[in-house]
Each structure stands twice: as C-alpha cells, then as structure tokens.
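J.: Can you read through this structure? Questions will come right after.
The values are calculated or read from the model by the stated rules, or taken from the named source; none is laboratory data. None of the values given here were measured: they were computed from a predicted structure. Cβ placement follows ideal geometry from the backbone for every residue including glycine, while neighbour counts extend to all protein chains displayed. These accessible areas exclude ligands, DNA and RNA; they are computed on the full protein's heavy atoms, side chains included. Shrake-Rupley method; radii C 1.70, N 1.55, O 1.52, S 1.80 Å.
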Amino acid sequence: MNNNSGSNAVERLLARIIALPICLLMSAWCMTLNRQVQDLTKLDQMTKDGHRVLAMFWHGEYLPLFALAKGRNVVVVTTSSFRGNVIANICHWFGYQPVRLPVKGRGMHVLAKHFDQNYGLYAVALDGPLGPYHRIKHGALQLAIEQGVQLVPIGIQSKRKIVLASRWDKQEIPLPFSRVSITVGDMIDGKDTSPGPDHALLDQKIATAMEEQSRLAGDLL
C-alpha cells in the first residue's frame with residue numbers, strides 16, 4: 001500500500017468515526033422537533049409525476065433538512081474533501097446518495113452521470129461549500145438546467161435557534177423542542193431565463209423564490 005492509499009484509508013475511517021455520533025445526535029434531536037414539513041410531499045409528487053428536480057437551499061439552513069427529509073432517494077451534492085467525506089457518511093445514514101465533486105477543478109462530469117441515470121431528486125446548497133454567504137454558485141445549477149432538471153426553492157425556518165454568526169454561512173441550529181418549518185416552492189425552469197454572461201437574471205429569479213419560501217416558512221412558526 002502506498003502512502004496516498006494509506007492516508008486516504010485513514011481519512012475515510014476518521015470521517016466515519018466523526019459522522020457516527022453526529023448522526024446519532026441528529027436523529028435524537030430530530031425526534032424532539034415540532035415539525036411543519038408537509039410541503040416535502042410536494043417534492044414526492046413532482047418526482048412521482050416524472051420530473052427531475054434540484055432542491056435548492058442555503059448552506060446555513062440545511063441542518064434540519066438532513067434529518068427531516070429522511071427516507072427519500074436524494075442525490076446530495078458535496079465535495080471530495082475530508083469535510084465532504086463526513087457529510088457523505090451522514091448522507092448514507094439518512095438514506096441519501098452523496099455525489100462528491102472536486103473542491104477545485106473540473107468535476108461536473110461526475111454529477112452529469114447521475115443526471116443521465118435519471119434520479120428523480122437532487123439537492124444542493126446554493127452558496128456551498130464555502131460561500132460567500134447567500135451568493136449563488138452556478139456549476140451544478142447550470143448543468144441541471146442543461147439536463148432539463150427543474151429547480152425547486154426550499155425554505156427552512158425555526159422558532160428557537162442558535163445562529164453561529166462567526167461562520168461564513170451563519171449556520172442555524174434549531175434548539176431541541178423548537179418548532180421547525182420547511183416549505184417547497186414551485187418548479188423553476190431555468191431554460192426560461194437566459195442566463196447571460198453574469199447569470200444576473202437567473203440569480204434574481206432564484207433569489208426572489210428563495211426569499212418567498214423563507215417568508216412562507218416563517219409564517220408557519
């Protein structure tokens with residue numbers, strides 16, 4: 001075994017070790033939440049109707065979505081990094097399929113293969129993996145549009161929460177027994193919006209839809 005192989009094996013093992021207690025804590029924490037998540041059935045209906053959809057959310061709000069969407073056959077976009085390996089293990093725990101893309105360089109062909117395999121439901125943090133805060137990244141979005149995948153905005157709000165303001169994504173962690181709501185917007189056909197060189201029109205359309213879902217989710221609290 002060469003040094004790289006040994007190092008990769010150790011990283012994979014460490015990622016599993018770190019992910020396990022996180023998964024156990026998230027599962028126990030999820031059981032305490034007062035949930036308003038009926039809108040998630042809209043995603044189920046969209047895929048049942050034959051649509052391929054990309055669920056979009058902000059990186060700082062994804063934590064409850066991991067646990068509350070459990071049981072769905074979702075392809076989750078993450079990175080080929082140690083952090084990405086931890087997230088991939090958490091994905092497996094909740095029944096999702098992670099796709100790890102390189103942090104830098106070309107990796108969209110990996111995701112393209114999954115689009116070609118006609119999975120119904122995909123998920124991506126619009127401003128992930130490392131920000132800036134609420135700035136939309138276009139790699140996965142543009143590929144989804146080219147492949148005819150519909151874009152669906154997700155709103156996530158919680159009544160009582162901790163906000164990690166020092167993090168770039170202002171990570172929100174709902175407190176145990178807090179009320180949490182998730183809303184699902186209408187499908188957006190990105191092909192109806194000419195992206196242009198700076199993606200301004202597409203960004204505006206998505207940002208408006210995300211803001212609306214955030215408002216609707218807040219109204220449910």
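J.: Order the peptides 30-37, 122-129, 145-152 from the highest to the lowest mean number of other Cβ atoms within 10 Å of their residues. Don't skip to the end; give the middle numbers.
T.: Values: 30-37: 15.4, 122-129: 21.9, 145-152: 18.9.
Descending packing order for the listed peptides: 122-129, 145-152, 30-37.
J.: Taking H as built 1.01 Å from N, whose amide H comes closer than 5 Å to the amide H of Arg35, not counting residues under 5 places away?
T.: Counting only residues 5 or more places away or on other chains, the set is Val180.
J.: Follow-up. Arranged from highest to lowest average of other beta-carbon atoms within 10 Å per residue, in what order do the peptides 159-166, 137-144 appear? The partial results should precede the final answer.
T.: Values: 159-166: 11.6, 137-144: 18.2.
Highest mean packing first, the order is 137-144, 159-166.
J.: Specify the residue with the greatest mean-square fluctuation among Tyr119, Tyr96, Tyr62, computed from a Gaussian network of the chain linking alpha-carbon atoms under 10 Å apart.
T.: Tyr119
J.: Of the accessible area of the chain, with the probe set at 1.4 angstrom, what percent is carbon plus sulfur? Please report the intermediate quantities before stating the final value.
T.: Details: 6260 of 11320 Å².
That share works out to 55 percent.
J.: Most fluctuating residue of Leu40, Leu121, Leu24 in a GNM of the chain with Cα springs under 10 Å: which is it?
T.: Leu24
J.: Given a 1.4 Å probe, how much area per residue of segment 41-158 is accessible, in Å²? Intermediate values should be presented prior to the final figure.
T.: Values: 4960 Å² over 118 residues.
Value for segment 41-158: 42 Å² per residue.
J.: Now a separate question. Provide, for the chain, the number of lysine pairs with alpha carbons under 18 Å apart, each pair being eight or more places apart or on different chains.
T.: Summing the qualifying lysine pairs gives 9.
J.: With θ set to phi - 60°, apply the Karplus curve 6.51 cos²θ - 1.76 cosθ + 1.60 along segment 150-159 and write out the HN-Hα couplings as whole Hz, x wherever there is a Gly or Pro.
T.: Listing the rounded values in order: 7, 9, 10, x, 10, x, 9, 9, 9, 6 Hz.
J.: Multiply the residue gap between Ile17 and Gln38 by 0.36 nm, knock off their C-alpha separation, and tell me the result in nm, one decimal place. Can you show the working numbers first?
T.: On the way: separation 21, 0.36 × 21 = 7.56 nm, distance 3.30 nm.
Here the answer is 4.3 nm.
J.: Which of the DSSP-defined H helices in the chain satisfy a minimum axial length of 27 Å, computed from C-alpha atoms, and a minimum mean Kyte-Doolittle hydropathy of 0.0? Spell out each step's value before the answer.
T.: Details: long enough: 3-32 (44 Å, 0.79); 200-219 (28 Å, -0.32).
Passing helices, by number: 3-32.
J.: Sorted by accessible area with a 1.4 angstrom probe, largest first, how do Ser181, Ser80 fall?
T.: Values: Ser181 0, Ser80 70 Å².
Descending accessible area places them as Ser80, Ser181.
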